[in-house]
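Everything on this sheet refers to the single structure shown next.
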Amino acid sequence: MADDLTDDALAGVRARFFPGAYPTLDIRPGWYSIVIDLDQALAAIDPDYQLVQVKEKFGGLRYYIEFEPDRPRPGFDDLIRAAEQRSERTCEECGSDGALAHRGSWARTLCAADAAASGFVPDASE
Ligand SMILES: [Zn+2]
């Protein structure tokens, strides 16, 4: 569950949305620490980077930043890709180990308990 420290860190992430963006993190609490860790790593490279959108899509995290061609930011793409890959192994609800699960055509990354609780069926393991 989100504590005060998490709330503060998430507020910091929301403050990065560029003016006009709708400043919502469209993800569940299990991924909050992924987003917070990623934000801190990106901010170490560019403290003023701006966010466009943060959401879940096809069961994985999507973290879209404002593209600024005049500001090269080495490492940004790799950090974002690593965080998105981490989300594919992390239950979006509770943050424990997760895997892709489906309910109809809807995909989410969930642990076995949260999948069962929400009617999702884990995909056959690789
Ligand atoms: Zn879970």
Out of Val13, Val54, which single residue is modelled with pLDDT of 95 or more, in contact with a Leu (Cβ under 8 Å, 6 or more places away or on another chain) and outside any helix (DSSP H, G or I)? Val54
Identify all residues within region 77-126 that are out of contact with any helix residue (DSSP H, G or I) (no Cβ under 6 Å at 6 or more places or on another chain), in a helix (DSSP H, G or I) and within 16 Å of the ligand (Cβ to nearest atom); write none if there are none. Ala112, Ala113, Asp114, Ala115, Ala116, Ala117
Flagged in region 106-126 as surrounded by fewer than 18 Cβ atoms within 10 Å (Cβ to Cβ) and either modelled with pLDDT of 95 or more or within 22 Å of Tyr64 (Cα to Cα) (or both), in numbering order, are Trp106, Ala107, Ala112, Ala113, Ala116, Ala117, Ser118, Gly119, Val121
Within the bounds of region 34-48, is there any residue that is open to solvent by 50 Å² or more (accessible area, probe 1.4 Å), modelled with pLDDT of 95 or more and within 30 Å of Ala117 (Cα to Cα)? yes
In this structure, does Leu100 turn out to be more than 18 Å from Arg16 (Cβ to Cβ) and open to solvent by 50 Å² or more (accessible area, probe 1.4 Å)? yes
For residues that are in contact with a Leu (Cβ under 8 Å, 6 or more places away or on another chain) and of a type outside the set (Gly, Ala, Ser), scanning just region 57-72, find the one that is most open to solvent (accessible area, probe 1.4 Å). Tyr64
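The values are calculated or read from the model by the stated rules, or taken from the named source; none is laboratory data. Note that the structure is a prediction, hence the values are computed from the model and not measured. All Cβ positions, even for glycine, are placed from backbone atoms using ideal geometry, and neighbour counts span all protein chains on display. Accessible surface areas use protein heavy atoms only, side chains included; no ligands, DNA or RNA. Shrake-Rupley method; radii C 1.70, N 1.55, O 1.52, S 1.80 Å.
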